[in-house]
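The values are calculated or read from the model by the stated rules, or taken from the named source; none is laboratory data. Note that the structure is a prediction, hence the values are computed from the model and not measured. Counting neighbours? That spans all protein chains shown, and the Cβs are built from the backbone with ideal geometry, glycine included.
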């Protein structure tokens with residue numbers, strides 16, 4: 001299939017939200033999956049995987065991506081205009097909500113927030129009696145992608161709690177600080193009947209998994225996706 005860009009908008013410096021429409025087939029995905037975009041750049045075919053940042057909605061889907069200095073693919077993606085197309089493979093991946101969601105901790109850093117936006121806006125999460133706690137860590141407040149959306153969701157839904165944390169906060173910041181690890185363990189407490197979804201850079205994911213296993217969390221309760 002191909003993906004046609006509908007529009008894009010800046011979320012933070014160097015980070016954009018892209019809306020696409022898949023053409024050439026029936027595009028069905030589960031919340032949390034990813035797609036691969038394929039494009040010939042400077043005579044070489046380049047493939048990049050991006051988590052879908054929107055709930056299932058026909059052939060439309062959103063991506064959340066950073067512009068990488070010196071990158072081979074992201075400069076092309078950021079140069080796309082509405083109506084431009086790119087080759088599309090997928091959807092792919094098993095980083096999805098359980099069929100019957102349990103109480104869940106969702107832990108993300110950076111653009112690792114993308115699959116959680118897909119999950120939390122999906123029907124299973126909206127209508128579930130389970131509670132979802134999102135712990136989102138970035139360096140600066142400007143990097144809290146979809147921050148207003150999460151705050152509005154926390155005010156509107158009784159089954160959702162939003163806990164952002166900054167590692168390099170400004171003096172005006174009055175919220176949580178530090179890395180996501182400690183906040184995740186605090187949110188978990190003594191409970192062991194909670195599903196834990198983790199998405200972010202490899203180092204964060206691996207360290208948090210190790211700390212969770214060290215306190216007796218069943219590995220089957222931990223679902224993760226990592227990227228470099």
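Do we find that residue 11 is outside the structural domain of residue 150 (by TED's automatic domain parsing), surrounded by 14 or more Cβ atoms within 10 Å (Cβ to Cβ), in a strand (DSSP E or B) and modelled with pLDDT of 95 or more in this structure? So residue 11 passes the test. Residues 225, 171, 207: which one is farther than 23 Å from residue 142 by Cβ and surrounded by fewer than 17 Cβ atoms within 10 Å (Cβ to Cβ)? Selected residue: 207, the only one of 225, 171, 207 that is farther than 23 Å from residue 142 by Cβ and surrounded by fewer than 17 Cβ atoms within 10 Å (Cβ to Cβ).
Of 200, 178, all but one fail to be under 19 Å from the mean Cα position of the chain (by Cα), in the same structural domain as residue 117 (by TED's automatic domain parsing) and more than 16 Å from residue 125 (Cβ to Cβ); the exception is 200.
Only one entry of 112, 175 meets the criterion of being in contact with a strand residue (DSSP E or B) (Cβ under 7 Å, 6 or more places away or on another chain) and in contact (Cβ under 8 Å) with a residue 12 or more places away in the chain, and that entry is 112.
Scan the range 91-115 for residues that are within 14 Å of residue 31 (Cα to Cα) and either over 17 Å from the mean Cα position of the chain (by Cα) or surrounded by fewer than 17 Cβ atoms within 10 Å (Cβ to Cβ) (or both) and the total you get is 6.
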